[in-house]
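Single-structure report; data block below.
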Amino acid sequence: STVWSAPAGARLTPATPVTLTWTNPTGQTFAIRFAIDQDYMLTATQLVVNRGAAPVTVRPFALVNRTDKTASLDSFNVHSGPIGAFDGAVSFATNYTDVQEAGTVRNEGRTDWVGFTDVYWMSLLIPGKGPSDSDFRSLGNSFFRADLIYDPAIVGQGKQLVTTTRLFAGAKESAVLDRYEESGITNFGLAIDWGWFRWFEKPIFALLNALFKAVGNFGVAIILLTVIVRGIMFPVAQRQFASMAAMRAVQPKMKAIQDRYKDDKQQQQQEIMELYKKEKVNPLSGCLPIFLQIPIFFALYKVLILAIEMRHQPFALWIHDLSAPDPLHILNLFGLLPFTPPSFLAIGVLAVLLGITMYLQFRMNPTPMDPVQEQMFKLMPWIMMFIMAPFAAGLLIYWITSNILT
């Protein structure tokens, strides 16, 4: 309920901070100086001057509120909700439900920063010098608060106390967060939930960003990234193709061994292993490129759903947001029928192209000797078509391009 005073004509800009003041009846003058930078950081410098007749005890604090009504989805791979860095380690462990059930969740260790995050945005408090505690608190009715409370301090007669706290309120742009981290905010770049594979995801993100700046189209950048990745992996892929060709060549001999020892599975396996040694065939070498592509695929998946730089980036024709699923669905005749299919039936053009290219790629593999495995290989492309349909369009473009290059 305090009414603060501002200088006449005061206007907050990066070049012009604004100081608010208030003097209470007992002789203490309070001031808050607000400064803002070119990005998303607000610096609040709190000052109290004691001109009263006796020492006073004061306790600086900062609070940030949030409702979960408009929060992004908190999933197993992308955190949304309370967030903080404590003793140098970023914590994604607390969610809104935890706070609601507990009422108050106290944070252990030194608070480096604390607040709330969505997938693309966050509001965080960064403490200045001096001991402080922090917690997350439920205010009821789906409202929550992050508290940053400094230890009490005694301000003697004629003395003053200054406390500086920063508030970040804005987009989680990787370059901006890294720049703040370089300026001294511990692990600020890790507020983006890169996960365990950040050592690989951040280079993928940096390369994609560089390609995007060069060509001006993020879809084209994804295609170029795929060409680069497949180019780097070309020697390994060649070994895969050679292995597949060798496997196809020995299949008649394998079939003969299976027929000869169909009643003796142990002998059959021994004879097949001897055949592999004789023909110098390694059935596992064809799987190596697939395993090598898994971290690349996962890294691109995380980049597409995490990086705000990729949000709402168009490609061509009907693809206006590469971070969202294909908007055209076959079941509603690409939007001509007035209904939206459920997600597990929302098969778009890109998903169909993925299924077709995977089918053609699987045709390159040797036919499995086991009839059950053969049927599974025939069904796998169409199963993957359904599984991948709800994923980001950019991810499907990567996979389709990779299949075509294969």
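Looking at Gly189, Gly130, Gly140, Gly156 in this structure, which one is at positive phi and in contact (Cβ under 8 Å) with a residue 12 or more places away in the chain? Write out each step before concluding.
Working: Gly189 fails: at positive phi; Gly140 fails: in contact (Cβ under 8 Å) with a residue 12 or more places away in the chain; Gly156 fails: at positive phi.
Residue meeting the stated conditions: Gly130.
Just to be sure before I move on: is Ile347 in contact with a Gly (Cβ under 9 Å, 6 or more places away or on another chain), open to solvent by less than 20 Å² (accessible area, probe 1.4 Å) and not in a helix (DSSP H, G or I) in the structure I sent? Lay out the reasoning, then the answer.
Working: in contact with a Gly (Cβ under 9 Å, 6 or more places away or on another chain): yes; open to solvent by less than 20 Å² (accessible area, probe 1.4 Å): yes; not in a helix (DSSP H, G or I): yes.
Taking the combined requirement at face value, the residue satisfies it.
Selection over the stretch 49-66 of residues that are within 18 Å of Ala169 (Cα to Cα) and open to solvent by less than 30 Å² (accessible area, probe 1.4 Å) gives a count of 2.
Determine whether the stretch 327-344 contains at least one residue that is open to solvent by less than 60 Å² (accessible area, probe 1.4 Å) and touching a helix residue (DSSP H, G or I) at 6+ places or on another chain (Cβ under 7 Å). I'd like the intermediate steps shown before the answer.
In the first step, residues of the stretch 327-344 are kept if they are open to solvent by less than 60 Å² (accessible area, probe 1.4 Å); the result is 328-329, 332, 335, 341.
Now narrow it down to the ones that are touching a helix residue (DSSP H, G or I) at 6+ places or on another chain (Cβ under 7 Å): 328.
The answer is yes, given that some residue of the stretch 327-344 is open to solvent by less than 60 Å² (accessible area, probe 1.4 Å) and touching a helix residue (DSSP H, G or I) at 6+ places or on another chain (Cβ under 7 Å).
Within the stretch 263-284, how many residues are open to solvent by 50 Å² or more (accessible area, probe 1.4 Å), within 30 Å of Thr406 (Cβ to Cβ) and either among the basic types (Lys, Arg) or assigned to a helix (DSSP H, G or I) (or both)?
Here is the first cut: in the stretch 263-284, the residues open to solvent by 50 Å² or more (accessible area, probe 1.4 Å) are 263-267, 269-271, 273-274, 277-280, 282-284.
Okay, now just the ones that are also within 30 Å of Thr406 (Cβ to Cβ), so 273, 277-280, 282-284.
Restricting the remaining residues to those that are either among the basic types (Lys, Arg) or assigned to a helix (DSSP H, G or I) (or both) gives 273, 277-280.
Qualifying residue count, the stretch 263-284: 5.
Restricted to the stretch 196-238, and to residues there that are free of Cβ contacts under 8 Å to residues at least 40 places away in the same chain and small (Gly, Ala, Ser), the residue that is nearest to Tyr398 (Cα to Cα) is Ala221. Taking (1) touching a residue at least 24 places away in the same chain (Cβ under 8 Å); (2) out of contact with any Ser or Thr (no Cβ under 8 Å at 6 or more places or on another chain) in turn, Ser91 satisfies each apart from (1).
In the stretch 1-45, which residues are under 41 Å from the mean Cα position of the chain (by Cα), among the aliphatic types (A, V, I, L, M) and within 25 Å of Thr57 (Cβ to Cβ)? Residues satisfying the conditions are Leu20, Ala31, Ile32, Ala44.
When the residues of the stretch 85-131 are narrowed to those that are part of a loop (DSSP other than H, G, I, E, B) and of a type in the set (D, E, K, R), which ends up modelled with the lowest pLDDT? Before you say what the answer is, go through the steps one by one.
Keep residues of the stretch 85-131 that are part of a loop (DSSP other than H, G, I, E, B), which gives 87-88, 92-95, 103, 107-110, 118-120, 127-131.
From the residues that got through so far, the ones that are of a type in the set (D, E, K, R) too are 87, 108, 110, 118, 129.
Values: Asp87: 92, Glu108: 91, Arg110: 92, Asp118: 93, Lys129: 87.
Filtering the stretch 85-131 for residues that are part of a loop (DSSP other than H, G, I, E, B) and of a type in the set (D, E, K, R), the one modelled with the lowest pLDDT comes out as Lys129.
Here Gly81, Gly103 are screened, and the one residue that is under 16 Å from the mean Cα position of the chain (by Cα) and open to solvent by less than 50 Å² (accessible area, probe 1.4 Å) is Gly81.
Going by the structure shown, is Leu161 under 11 Å from the mean Cα position of the chain (by Cα), closer than 22 Å to Thr111 by Cα and in contact (Cβ under 8 Å) with a residue 12 or more places away in the chain? Considered against the rule, which asks whether it is under 11 Å from the mean Cα position of the chain (by Cα), closer than 22 Å to Thr111 by Cα and in contact (Cβ under 8 Å) with a residue 12 or more places away in the chain, Leu161 comes out as no.
Within the stretch 133-170, the residues that satisfy the criterion of being open to solvent by 20 Å² or more (accessible area, probe 1.4 Å) and among the polar types (S, T, N, Q) are Ser138, Asn141, Ser142, Gln157, Gln160, Thr164. Considering only residues in the stretch 371-406 that are of a type in the set (Ser, Thr, Tyr) and crowded, with 17+ Cβ neighbours inside 10 Å, the one that is farthest from Thr357 (Cα to Cα) turns out to be Tyr398.
Just one residue in the set Asp178, Asp193 is assigned to a helix (DSSP H, G or I), of a type in the set (Asp, Glu) and touching a helix residue (DSSP H, G or I) at 6+ places or on another chain (Cβ under 7 Å); that residue is Asp178.
The values are calculated or read from the model by the stated rules, or taken from the named source; none is laboratory data. Quick caveat, the model's predicted, so the values are computed rather than measured. Every residue, glycine as well, gets a Cβ built from its backbone with ideal geometry; the counts of neighbours run over all protein chains shown. These area figures cover heavy atoms from the full protein model, side chains too; ligands, DNA and RNA do not enter into them. Shrake-Rupley method; radii C 1.70, N 1.55, O 1.52, S 1.80 Å.
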